[in-house]
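Q: Quick one: the structure is below, and I'll ask about it shortly.
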Amino acid sequence: MYNRILVPLDGSKLSESVLPHVRELAKGRLVNEVILLRICETPPIRADYPSNMPEGWDQHFDRLTELARRQCTIYLDDVEKTLRAEGINVTTDSSLGDPAKEIVDYASRNEIDLIVMASHGRTGVSRWAVGSVAERVFRATCVPVLMVRAPGCELGI
């Protein structure tokens, strides 16, 4: 039913709470490919970089950005190995930027059939104040979203 599902992970136990659901979908042969995606924040890079440094500002920016990109992918390697050992066809990708925007853009560019992601299940003022990547993705994409509530979430509106 779902050829390609996108699983955004941020390295937290909360985001990993979707993995049992992903496993069940993949075991039932409902999924041909699972794509693990991690979006990391762009590293803060000072604009007032001293001109007397050994590398120029552009090289400094490129080096810090590449380092952040590599660190972003390390976590996904372990999750990929685990799922692959269970016979799941899995690939990984990562990028830097705003998580909700990057997830929505990735899904639309890559013919994703389903996005599976976790939600904190916040309610009331904390939901309004903190916002939710999951909610922003749900509102911004036309791709179906399977949202998994956090273990131990509290009911409420």
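Q: If a residue must be over 11 Å from residue 142 (Cα atoms) and part of a helix (DSSP H, G or I), how many such residues does the range 106-115 contain?
A: Going through the range 106-115 one residue at a time, the tally reaches 2.
Q: Kindly list the number of the only condition in (1) modelled with pLDDT under 95; (2) under 15 Å from residue 37 (Cα atoms); (3) in a strand (DSSP E or B); (4) not acidic (Asp, Glu) that fails for residue 134.
A: Only one criterion is unmet by residue 134, namely (3).
Q: When you check residue 100 against the structure, is it surrounded by 13 or more Cβ atoms within 10 Å (Cβ to Cβ), out of contact with any strand residue (DSSP E or B) (no Cβ under 8 Å at 6 or more places or on another chain), touching a residue at least 24 places away in the same chain (Cβ under 8 Å) and assigned to a helix (DSSP H, G or I), yes or no?
A: When the stated conditions are applied, residue 100 passes them.
Q: A further question on this structure: Given the options 77, 93, name the one that is modelled with pLDDT of 90 or more, surrounded by 14 or more Cβ atoms within 10 Å (Cβ to Cβ) and either assigned to a helix (DSSP H, G or I) or among the charged types (D, E, K, R) (or both).
A: The conditions single out 93.
Q: Okay, moving on. Is it the case that some residue within the range 33-51 is of a type in the set (D, E, K, R) and under 13 Å from the mean Cα position of the chain (by Cα)? Lay out the reasoning, then the answer.
A: Looking only at the range 33-51, we keep the residues that are of a type in the set (D, E, K, R), and these are 33, 38, 41, 46, 48.
With the extra rule that they be under 13 Å from the mean Cα position of the chain (by Cα), the set shrinks to 38, 41.
Yes, that holds for at least one residue.
The values are calculated or read from the model by the stated rules, or taken from the named source; none is laboratory data. Predicted model only: the values in this text are computed from it and were never measured. We place every Cβ from the backbone using ideal geometry, glycine too, and count neighbours over all the protein chains shown.
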